Amino acid sequence: MSVEVIAVGGYEEIGKNMTAIKIGGDIVIFDMGINLDRLHIHEDTNIEKMHSLDLIERGVIPNDTLMKDVNGKVRAIVFTHGHLDHIGAVAKLAHRYEAPIIATPYTMALIEKTIKGEKKFKFKNPLKVLNSGEKCQISQDITLEFVRTTHSIPQAVTPALHTSEGIIVYSNDFKFDNHQTLSLPPDYQRFRELGEKGVLAAIIDTTRAAEHDQVKTHSEKIARIILKDIMEEPLKGDNGVIVTTFASHLERIQAISNIANESNRKLLLLGRSMERYCTLAEKLGILELPDNTGVYGGSKAINRALARADENRSEYILVTTGHQGEPDALLPRIANNKTMFNVKPGDYVVISAPVIPSPLNRANRNTMERRLKSSGARIFTNAHVSGHAGREDHREFIRMLNAKHLIPTHGNLEMLTAYTELAEEEGYKLGNNIHILRNGQAQVFNGE
Ligand SMILES: [Zn+2]
């Protein structure tokens, strides 16, 4: 039986991840994400009214029209974690396939929310929740297993497909973090067992592979310490404190919440996506927020909360969206004096996120920081650690999995190539057993 890995999206960029695996006549799809950069959109934007062909043309969602020419039946659509570059296109694409959607509980809750908001398409796919460590039969020849991993959102998994041709591992995205508070460490033992059983191919996230100085990605524990060091003193004063981070980064939000709790300040989580990710996480018992926390996503509610915080700034800590400086997100609007909260000299702004490197983001961030500074704010940037594996983590993983073939993904050509060089150090050879694919290309393994 032949196995084919079809690169649908995410092989020329960071964004719109989608990979199809064809085993004999059965197909399993991994992820259906969006590319935020392409639309100049961000976590708070809504694409609910847009048509999929329009979005494909703009490069916002994967071009899955090539699936028409793939001879086989889609048996499952499997999601790794709840980031938009992995689940954001589900409502636009999944309805075209008669197949169940499989994800961990939190990822599924986010998928359901996306589906409910969809205005263009009707959705009939059955939803099947699978926890990490569990398996489920996809077809006569395929069993899906969710192996626990860590990333910058809870309940991220590395799916493994057990087939008669060997195991196919789809590790997109991951880091090796042994000290998160909301997630257990990755299941290294299981990865090694899979390696011993026989991995035919592993598809791997290469986001940081080209960063040669990033040897091992630091744990979230480091981010917790940085945040505590920055925030502890300011929280005792009567100045305002604003923190901005990824709304989906619950581990980080939990850390900020714990620091706020010790300070007796009241936590306000503000922004549309902040409300979406945090409310669901609290409902599922993943995130534990103090009872008096305010979570607001609508603009009126946000403004009322900001007005209260403006008058009593020593009583609150604001956690907002807008870490990239996107003009219509909350922190940039605060910086531009477009809200009821006026930044004053001595206020603290902690940016717990890196600049995601695109010219637009750099320009937006720069403008926002300049405006905040001109209002007299003290700004702390880079209170952050990455959610993606560094080069030595990759080396470790290559040795654990001992895959016959490697396929780098989740990056541009520079990242895919940097990973390839690393794999060659580990004995792989480009074109022989490590394969660089571009969107729309496929790699076939014939009955090995
Ligand atoms: Zn991710």
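The values are calculated or read from the model by the stated rules, or taken from the named source; none is laboratory data. Please read all numbers here as calculations on a predicted model, not as lab measurements. Counting neighbours? That spans all protein chains shown, and the Cβs are built from the backbone with ideal geometry, glycine included. We work out accessible area using only protein heavy atoms, side chains counted, and drop any ligands, DNA or RNA first. Shrake-Rupley method; radii C 1.70, N 1.55, O 1.52, S 1.80 Å.
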With the structure loaded, tell me whether L182 is part of a helix (DSSP H, G or I) and in contact (Cβ under 8 Å) with a residue 60 or more places away in the chain or whether it fails that test. no
Exactly one of A20, A7, A94, A89 is touching a strand residue (DSSP E or B) at 6+ places or on another chain (Cβ under 7 Å), under 17 Å from N125 (Cα atoms) and not polar (S, T, N, Q), and that residue is A94
When you scan segment 426-446, do you find a residue that is acidic (D, E) and over 30 Å from I225 (Cβ atoms), even just one? yes
Hey, could you check segment 372-391 for residues that are assigned to a loop (DSSP other than H, G, I, E, B), without any contact (Cβ under 8 Å) to a residue 40 or more places away in the chain and closer than 18 Å to R362 by Cβ and say which is farthest from the ligand (Cβ to nearest atom)? T381
Output the qualifying pairs, or none if there are none: Cβ atoms under 9 angstrom, residues six or more apart or on different chains, first residue in segment 79-97 and assigned by TED's automatic domain parsing to the domain that holds S132 and within 17 Å of E48 (Cβ to Cβ), second residue more than 11 Å from the ligand (Cβ to nearest atom) and acidic (D, E). L84/E43; A89/D64; V90/E118; A91/E48; A91/E118; K92/E118; L93/D64; H95/E118
State the number of residues belonging to segment 212-237 that are assigned to a loop (DSSP other than H, G, I, E, B) and modelled with pLDDT of 95 or more. 4
Just checking, how many residues over segment 191-200 are in contact with a strand residue (DSSP E or B) (Cβ under 7 Å, 6 or more places away or on another chain), part of a helix (DSSP H, G or I) and buried (at least 19 other Cβ atoms within 10 Å of the Cβ)? 2
Is it the case that some residue within segment 420-428 is closer than 25 Å to S164 by Cα and outside any helix (DSSP H, G or I)? yes
Does segment 192-208 hold any residues that are in contact with a helix residue (DSSP H, G or I) (Cβ under 9 Å, 6 or more places away or on another chain), farther than 25 Å from G9 by Cβ and not basic (K, R), and which are they? L194, G195
Quick one: in segment 59-83, which of the residues that are closer than 20 Å to T150 by Cβ and in contact with a Ser or Thr (Cβ under 8 Å, 6 or more places away or on another chain) is nearest to the ligand (Cβ to nearest atom)? H83
Mind telling me which of the residues I203, I168 ends up being within 16 Å of the ligand (Cβ to nearest atom) and either on the phi > 0 side of the Ramachandran plot or part of a strand (DSSP E or B) (or both)? I203
Test: residue in segment 400-419 that is in a helix (DSSP H, G or I), acidic (D, E) and either surrounded by 14 or more Cβ atoms within 10 Å (Cβ to Cβ) or at pLDDT 95 or above (or both): yes
The residue from G10, G15 that alone is at pLDDT below 95, open to solvent by less than 20 Å² (accessible area, probe 1.4 Å) and in the same structural domain as Y170 (by TED's automatic domain parsing) is G15
Residue list for segment 395-419, filter: of a type in the set (F, W, Y) and over 22 Å from E165 (Cα atoms): Y419
Filter segment 266-281 down to the residues that are small (G, A, S) and assigned to a helix (DSSP H, G or I) and list them by number. S273, A281
Does any residue of segment 239-259 turn out to be in the same structural domain as L422 (by TED's automatic domain parsing), within 16 Å of the ligand (Cβ to nearest atom) and in a loop (DSSP other than H, G, I, E, B)? no
Is segment 336-351 home to any residue that is modelled with pLDDT under 95, open to solvent by 40 Å² or more (accessible area, probe 1.4 Å) and away from the ligand (no atom under 16 Å from the Cβ)? no
Of all residues in segment 215-260 being within 17 Å of the chain's Cα centre (by Cα) and of a type in the set (A, V, I, L, M, F, W, C), which is most open to solvent (accessible area, probe 1.4 Å)? F246
Every residue in segment 132-162 that is within 16 Å of the ligand (Cβ to nearest atom), assigned to a strand (DSSP E or B) and open to solvent by 20 Å² or more (accessible area, probe 1.4 Å), please. R148
